[in-house]
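Here is the structure we will look at.
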Amino acid sequence: MDAHAKQRFHEFVVARTPALIRVAYLLAGDQHRAEDLLQTALTKTMVRWRTLQHGDPEAYVRRVLYHEQVSWWRRASRRRETTVHQLPDTPLADPSGDTDLRLQMRQALQQLTPKQRTVLVLRYFEDLSETQVAAVLGCSIGTVRSQTHRAITRLRSLAPELVRFTELQEVNR
Amino acid sequence: MTGPMEDAIRAVLRDLSQEAVPLNLTQQAIRGAARRRIALTAAGVAAVTAIGLAAAPLALAAASREPTVTTTPASPTTHPSPVRQFDPGVRSIAVGWLPSPFRAGTTEVDVSAGSQRFEADRPGGRQGDGVYVTAMAAGAKFPTPRPSPSVPPTVTHAAPPVNGHRALCVDFAPIHCVSLRVEYATDAWFEAGYTSTYPNESPGEASARIANLRKMAASVRMDDTKRVRLPFRVRQLPKALHLTSTSVRWPGTPRSPWWATASFLDRDTPVTRTFPGSPSVDVVVAPASTQHQPSNTTVDGHPARRVHNTLGDTLDVFGVDGVDITVRARPASLAALLGPDGAVSMYHQLKLVPHPGSLAGWTDHPLG
């Protein structure tokens, strides 16, 4: 890569990393894995930069993020770590409820399969339609629907604070 | 889905995403890409070696040849008065000689960056495996990667003059003279180089590469006035916009087909260096592809895909006279300048030339 292309890539990364690391964080569940995930996606992007810089490189980065996240899960399924079902320490209740909710949600998201988590991020963080999610992940709309349904059902059971928060939102409408 | 549960998930995801710590991963990506390229090269070398055992006589015959000279003899180099800004509709660079087997490919004129770029690709190869000439307007500096302890700095040192003009070699350790810079007019430089680097080249290969660079640089003229030709015309450009860059790749390859792009910006926005994703209205025309995102609407009876949100307005119209047309405006404030229906209004101002897949019909007056 020559200096001109390198500079353009640098500018792209500097400008878009704050947004992309958030998506990676939601997909991966922690900062270190998010950095690894984004790093992998950017490396793949850079290899194809000469072509991508004239199109929409961010769309490509995001697509790689989603696919890497799902394929990591496939690779990791043989050496899956033991899931801790309970937090080691019970946090004190937060009067606002927000901290409890966030902690529960983070914990709950960790316990979803990467595919379920990816579907949730695409549907509710990226605000893509079911058809768009299916196109991005290369699966059927039916798969997207069933994964979304399972993910939400699992979240309900794993994060009771989310249910309480939802009820509160309903009351405040 | 807009039920309370979905809204709650949205809110919590937004909240959680704020925990991510922003950081700059550029240098790691560059190092990662270099490692990946080396790994791919090693795999390629292994594969070629295996094939080479079967085809050794032919391979040896090819390897023994010197890099050959193609086509036109070097044109006399003229050096006009330096310009402070290029016209994005005019190509000033003319390259009289290219190392074999490269052939002219991409031309990019980017007024925002104060640069013009010419690329030549290896026929049948991937894009990015070729040679280039990038010319900067007078006073404009070549972009330089930010210094980092993990990436070796580029070092320039004096080289023998080219056509009597000051020249500099650019080293990117460990590669000597990865590109050659020539001062074509006072305080105005162009750079000639290879788009791929060859960290494992032998001294003989390095000498041949540098000799090719010097010969190519000596054939560069900066006084051409050829207008950039595009496969479309914008019948009525919104008054607030002006052309900032054009980029054409022709001919393409099966791996990387041809494209033609024109970019616009509103007159109130200062023209600064652009990068992908920066504010711009882009019109891109490329051969129709079957591997595109699913359509979600139709425009004038053609399947199309439109994504219109706070980030901007992107419209892809598929299979129009054998090409796909994209109108992309970012951010939304810029899209609003395109007309009452944003990207669709701009699309309706476009007129393709007859047979856009044939260069012969392209127009050198794309505006009006």
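The values are calculated or read from the model by the stated rules, or taken from the named source; none is laboratory data. For clarity, every value in this text was computed on a predicted model and none was experimentally measured. Cβ: placed from backbone, ideal geometry, glycine included. Neighbour counts: every protein chain shown. For the accessible areas, the whole protein counts, side chains as well, though only heavy atoms, and no ligand, DNA or RNA atoms are used. Shrake-Rupley method; radii C 1.70, N 1.55, O 1.52, S 1.80 Å.
Could you work out how much longer the chain between B:Asp223 and B:Glu201 gets when fully extended? Use 0.36 nm per residue separation minus the Cα distance between them, nm to one decimal.
Fully extending the segment from B:Asp223 to B:Glu201 adds 4.5 nm.
Along region B:213-225, what does the Karplus equation 6.51 cos²θ - 1.76 cosθ + 1.60 (θ = phi - 60°) give for ³J(HN,Hα), rounded to whole Hz, x for Gly and Pro?
In residue order, the calculated couplings are 4, 5, 5, 5, 4, 5, 8, 7, 10, 10, 10, 6, 10 Hz.
Please list, in chain and number order, the residues 5+ apart from B:Tyr184 or on another chain whose amide H is under 5 Å from its amide H, with Hs placed from the backbone.
Here the answer is B:Trp189, B:Phe190, since their amide H atoms fall under 5 Å of that of B:Tyr184.
On average, how many beta carbons from a partner chain sit within 10 Å of the beta carbon of a residue in A:132-142?
Counting Cβ atoms of other protein chains within 10 Å of each residue's Cβ and averaging gives 1.
Name the residues whose placed amide hydrogens come within less than 5 Å of the amide hydrogen of B:Ser280, ignoring near sequence neighbours (fewer than 5 apart) on the same chain.
B:Arg330
Report the accessible surface area buried between chains A and B, summing both sides, using a 1.4 Å probe on protein heavy atoms only, in Å² rounded to the nearest 100.
So the buried area, both faces added, is about 5800 Å².
Can you tell me how much longer the chain between B:Ala104 and B:Glu19 gets when fully stretched, taken as 0.36 nm per residue apart minus their C-alpha distance, in nm with one decimal?
Extra length available between B:Ala104 and B:Glu19 comes to 25.8 nm.
Which residues' amide hydrogens lie under 5 Å from the amide hydrogen of B:Thr195, considering only partners 5 or more residues apart or on another chain, with H built in the peptide plane?
Those lying under 5 Å, H to H, from B:Thr195 are B:Gly130, B:Val131, B:Tyr132.
Which ³J(HN,Hα) values, rounded to whole Hz and listed in residue order, are derived for region B:90-103 from phi using the Karplus coefficients 6.51, -1.76 and 1.60 in 6.51 cos²θ - 1.76 cosθ + 1.60 with θ = phi - 60°, glycine and proline given as x?
10, 9, 8, 6, 10, 10, x, 9, 10, x, 6, x, 6, 9
Return the distance in nm (one decimal) between the two label points of a simple spin-label model at B:Ala158 and B:Ser295, each offset 7 Å from Cα along Cα→Cβ.
Result for the modelled spin labels: 6.4 nm.
Considering every residue in B:291-302, what mean count of other chain Cβ atoms within 10 Å of its Cβ is obtained?
Averaged over the peptide's residues, the number is 1.
In whole Hz, what ³J(HN,Hα) sequence does region A:36-43 give by Karplus (6.51, -1.76, 1.60; θ = phi - 60°), x for Gly and Pro?
With the stated coefficients, region A:36-43 comes to 4, 5, 5, 4, 4, 5, 5, 4 Hz.
How much accessible surface area, in Å² rounded to 10, belongs to the heavy atoms of B:Lys351 with a 1.4 Å probe?
100 Å²
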